[in-house]
Amino acid sequence: DTGVSQNPRHKITKRGQNVTFRCDPISEHNRLYWYRQTLGQGPEFLTYFQNEAQLEKSRLLSDRFSAERPKGSFSTLEIQRTEQGDSAMYLCASSLGRERNTGELFFGEGSRLTVL
Amino acid sequence: GQQLNQSPQSMFIQEGEDVSMNCTSSSIFNTWLWYKQDPGEGPVLLIALYKAGELTSNGRLTAQFGITRKDSFLNISASIPSDVGIYFCAGQLRGGSNYKLTFGKGTLLTVNP
């Protein structure tokens, strides 16, 4: 399968614990995005990488959230000291980065987080 | 965060019927995309539109990029049960280095066989 891969698919944790999600983008894509989706809502932008550089962070990304893409390939999203409000589906997407194709973001299957 | 106005919120139709849904924004976008999402899965890209007035088809799906660049619609013809899911519109403002998408809240489609 050559699509965007995310793991774990599901994570249940207790409030206050740290969690980490991983995203492997489509191999030739240099842009990588993290989105958060809560029930009944569309995905909301969290942060964006071009290669290894994190170029934009949303105000939704509190200081408990950190994302990395150390070698410009896979990315991790860590949430420290989780709160119940962090419960959501965390989606990763990647795109080619060429002018015409930059609108075509391809999403992974998501990592669903439940904070008890 | 900012979201697009997508309507209707939900639709219940009979198999074989045509469906139309639309998306409006107070801001101009220069790319519109339509995605479909099944429960517990990520959104899957259906159609991408890059030019105002553009009309694009993908099988039974047809989408148009509004001439004002502030709206788009998606039509599904001759619906089938596997069309069930949530359809999202997304707008993109290209320029600079970030090409993030702004999503609507989705239209939930139910198809009765």
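Just so it is clear, none of the values below were taken in a lab; they were calculated from the coordinates. Just so it is clear, the model here is predicted, and its values are computed rather than measured. Using ideal geometry, Cβ is built from the backbone for each residue, glycine included, and neighbour counts are taken over all protein chains shown.
Among the aspartates and glutamates, which fall within straight-line cross-link reach of B:LYS51, defined as a Cα-Cα distance under 19 Å, with same-chain neighbours fewer than 8 residues apart omitted?
Partners found: A:GLU99, A:GLU104, B:ASP71.
Spelling out what I want: for every residue of segment B:29-39, take phi, set θ = phi - 60°, compute 6.51 cos²θ - 1.76 cosθ + 1.60 (Karplus), and round to whole Hz; glycine and proline get x.
Going residue by residue, I get 10, 10, 9, 10, 10, 10, 10, 10, 10, 8, x Hz, with x marking Gly and Pro.
Rounded to the nearest 20 Debye, what is the dipole magnitude of chain B about its Cα centre when Lys and Arg each give +1 and Asp and Glu each give -1 at the C-beta?
Working: 8 positive and 8 negative charges, 115 e Å.
Its charge dipole is roughly 560 debye.
Rounded, prolate or oblate, given the Cα gyration tensor of chain B, with a/c below 1.5 counting as rounded?
Numbers: a/c = 1.99, a/b = 1.63, b/c = 1.22.
In terms of gyration-tensor shape, prolate.
With a cut-off of 8 Å between alpha carbons and a minimum separation of six or more residues, what is the relative contact order of chain A in percent? Write down the numbers at each step before the final one.
Numbers: 291 pairs, mean separation 42.4, N = 116.
Reported relative contact order: 37 percent.
Among B:PRO8, B:ALA52, A:SER111, whose Cα lies farthest out toward the positive end of the dipole of the protein assembly as shown, if unit charges sit on the beta carbon of Lys, Arg (+1) and Asp, Glu (-1)?
A:SER111
Any idea which of B:GLY91, B:TRP34, B:PRO81 is furthest toward the positive side of the dipole for chain B, if Lys and Arg beta-carbons carry +1 and Asp and Glu beta-carbons -1?
Toward the positive end, the furthest listed residue is B:GLY91.
Please give the FRET efficiency for B:PHE12 paired with B:LEU55, using the beta carbon to beta carbon distance and R0 = 30 Å, rounded to the nearest 0.05.
Numbers: r = 27 Å, r/R0 = 0.90.
Using R0 = 30 Å, I get an efficiency of 0.65.
Rounded to the nearest 0.05, what FRET efficiency do B:SER26 and A:LYS71 have when you use their Cβ-Cβ distance and R0 = 41 Å? Intermediate results must be reported in sequence, preceding the final value.
On the way: r = 40 Å, r/R0 = 0.97.
That pair, B:SER26 with A:LYS71, gives E of 0.55.
Over 22 Å between Cα atoms, which of A:LYS57/B:LYS100; B:LYS70/B:LYS105; A:LYS71/B:LYS105; B:LYS36/B:LYS105 qualify? Don't jump to the answer; show the numbers that get you there.
Values: A:LYS57/B:LYS100 11 Å; B:LYS70/B:LYS105 16 Å; A:LYS71/B:LYS105 34 Å; B:LYS36/B:LYS105 12 Å.
From the list (A:LYS57/B:LYS100; B:LYS70/B:LYS105; A:LYS71/B:LYS105; B:LYS36/B:LYS105), the Cα-Cα distance tops 22 Å for A:LYS71/B:LYS105.
Can you tell me the Rg and Dmax of the protein assembly as shown, counting just the alpha carbons, in angstroms?
Over the protein assembly as shown's Cα set, Rg and Dmax evaluate to 17.4, 50 Å.
On the first, second and third principal axes, largest extent first, how far apart are the outermost C-alpha atoms of segment A:21-116 in Å?
41, 28, 21
Calculate the FRET efficiency for A:LEU39 and B:SER77 from the Cβ-Cβ distance with a Förster distance of 25 Å, rounded to the nearest 0.05.
Details: r = 30 Å, r/R0 = 1.20.
It comes out at approximately 0.25.
Pairs of Cα atoms under 8 Å, at least six residues apart: use those to get the relative contact order of chain B, whole percent.
Details: 292 pairs, mean separation 41.8, N = 113.
Contact order relative to length: 37 percent.
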